[in-house]
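The structure appears right after this line, and notes come after that.
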Amino acid sequence: MQGKRVVILTGAGISAESGIQTFRDNDGLWEEYHIEDVATPEAWRANPALVWGFYQGRRRQLQEVQPNPAHNALAALEQGLEHMLLITQNVDDLHERGGSQDVVHMHGQLRTLRCENSGHRELRMDPADLTDDFLTCNCCVEPQRMRPDIVWFGERPMHMEDIYAAVDACEVFIVVGSSGHVYPASDLVHIARANGVRTVLVNAEAPLNVDAFDEVHLGKAGEVLPELVNAWLAEETA
Ligand code: APR
């Protein structure tokens, strides 16, 4: 894998062993909440207090969780490879706290909030920012309400031009911890495969798009990924 252009896409499964719920497992977040109640622009308009409370709870949880060995393994891989891009569907900050330097959050981030007036982002994770009270921005003359910096269903994922360019140019495409349910993230492996590149999956179970992968490693990312990363870094430069 040395010298090759590697793109990695992670999903909720990589944070599961850190104690962050996934979405579609039996104990997943979408078993507890309806997407249309807490993760759409219409929900935010209709019941902002419910949506805000949902995200404030997930933001508070960031203080209680730690990166797991899978996050650390991807940071080690980034250090060991010349060309690696880490794209995540996750909105937690565990990749960064696990040592990854360059993380592309295509579905937004919990630790930042966005001014509803200007669209400007602020890092707002002080204790005073984590109550259920709405927060206002520091960028407008008249402070405006801030919204979660999250891509809701029906909104366009972020950084897609860069993501498609990276996937089009990559020579290895690896997915860790995603069920392959949500477009356009779930389509990236098909683009890579159409380009004839090596596609690798690390997941607890076979996801919807499992047939698109050349190599499938079923297991817990925290247990499987560290060994795989050591093997990938030891691979002779082909
Ligand atoms: N190690 C590896 N894989 C795991 C682990 C683990 N410890 N635990 C769970 N998984 C796998 C599950 O088998 C499942 O295939 O992770 C996947 C999680 O799938 P989802 O819960 O659907 O999460 P994800 O694919 O990231 O969802 C994509 O959907 O709701 C939206 O915006 C949200 O970013 C999210 C997107």
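Brief remarks on what is shown
- Tail beyond 23 Å, pair distance distribution of the chain (Cα, percent): 50 percent
- Most mobile of 34, 95, 120 in a GNM of the chain (Cα contacts under 10 Å): 34
- Order of 140, 170, 115 under a 10 Å beta carbon neighbour criterion, fewest first: 140, 115, 170
- When you filter the trypsin sites (Lys or Arg not before Pro) in the range 139-213 for DSSP loop state and at most 15 other Cβ atoms inside 10 Å of their Cβ, nothing is left.
- Going by neighbour counts of Cβ atoms within 10 Å, the residues 173, 23, 153 line up, fewest first, as 153, 23, 173.
- Ordered by the number of other Cβ atoms lying within 10 Å of each residue's own Cβ, fewest first, 191, 174 fall into the sequence 191, 174.
Here, each number is a calculation from the coordinates, and none is a lab measurement. All of these numbers come straight from a predicted model, not from anything done at the bench. Note that we place each Cβ from the backbone using ideal geometry, even for glycine, and neighbour counts take in every protein chain shown.
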